[in-house]
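Participant: Take this structure first; my questions come after.
What follows draws every value from the coordinates through simple rules; no lab data is involved. These numbers were taken from a predicted model, which means no experiment stands behind them. Quick reminder, even Gly has a Cβ in these numbers, built from the backbone with ideal geometry, and neighbours come from all protein chains shown.
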Amino acid sequence: MDIFEAIKTRRSMGLVKDEPVPNDVIAKILEAGNWAPSHHRTEPWRFYVLTGAGRKPLGEALVKIAKENMESPESEESKAKLEKTAGKPLRAPLIITVAVEPSDNPKVIEIEEYGAAYAAAQNMLLAAHALGLAGIWRTGKPCYHTSMNKLFGLSDKGKVLGFLYFGYPKKEAPAGKRKDVSGCITWLGDEKGFDQLMKN
């Protein structure tokens, strides 16, 4: 698949089949992530592959975090919510947790380490799409909870940045739409022909 086609046709899709993703396909996705850019070549990304029963500890961590904000975790309503929470990681046969471990190099600017890991996540989303998978990048407050650092063995400086849910799609992805790119561009330089450029 052409890179421009992959960029424009990729969609966030969580509706996937239970069919396992082959290891060779997973390896290609991970390799794509590993080729993201990083300042000072720190390669600060960390990837955790969750399949089969390996997804259940994530559900348990999500339940533990959810309980912290419940007044009555033992109520029937709360139990139903917690059961649903525990099952969230089972919505896709493959989850790749993306985390960052910022370098201790004094020359490194920490926010750039996050940027590198986010770039790795985008690489993997595009690679998965090109390989025929559907994917969705899930985040939210539980993602950044200290329980996640413990679950994935990250340092105090480390941080989980998101969960990439992958699987073979149950339906065709809808057509996408974006605002006209000209609305977010400021051209600093020779503007001759800029209007014509954006029309092409």
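Participant: Computed from these coordinates, which is mean projected area of the Cα convex hull in nm²: (1) 11.5; (2) 12.7; (3) 15.1?
Facilitator: Matching entry in (1) 11.5; (2) 12.7; (3) 15.1: (3).
Participant: Could you sort the peptides 94-105, 52-63 by per-residue average Cβ neighbour count (10 Å cutoff), highest mean leading?
Facilitator: Ranking, from highest mean packing down: 94-105, 52-63.
Participant: What's the magnitude of the charge dipole for the chain around its Cα centre, counting Lys and Arg as +1 and Asp and Glu as -1 at the beta-carbon? Answer in Debye, nearest 20.
Facilitator: 480
Participant: When Lys and Arg each count +1 and Asp and Glu each count -1, what net charge do the other residues less than 12 Å away from Ser147, Cβ to Cβ, add up to?
Facilitator: Counting the neighbours of Ser147, the net charge comes to +2.
Participant: Which of the helices in the chain meet the span-like rule: DSSP H, Cα axial reach of 30 Å or more, Kyte-Doolittle mean at least -0.5?
Facilitator: Going by DSSP H runs, the hits are 110-130.
Participant: Next up: Which whole-angstrom value gives the distance between the alpha carbon centres of region 15-33 and region 159-195?
Facilitator: 23
Participant: Right, here's the next one. Assuming a ≥ b ≥ c are the square roots of the Cα gyration tensor eigenvalues, decide whether region 59-162 counts as rounded (a/c under 1.5), prolate (otherwise, with a/b larger than b/c) or oblate.
Facilitator: oblate
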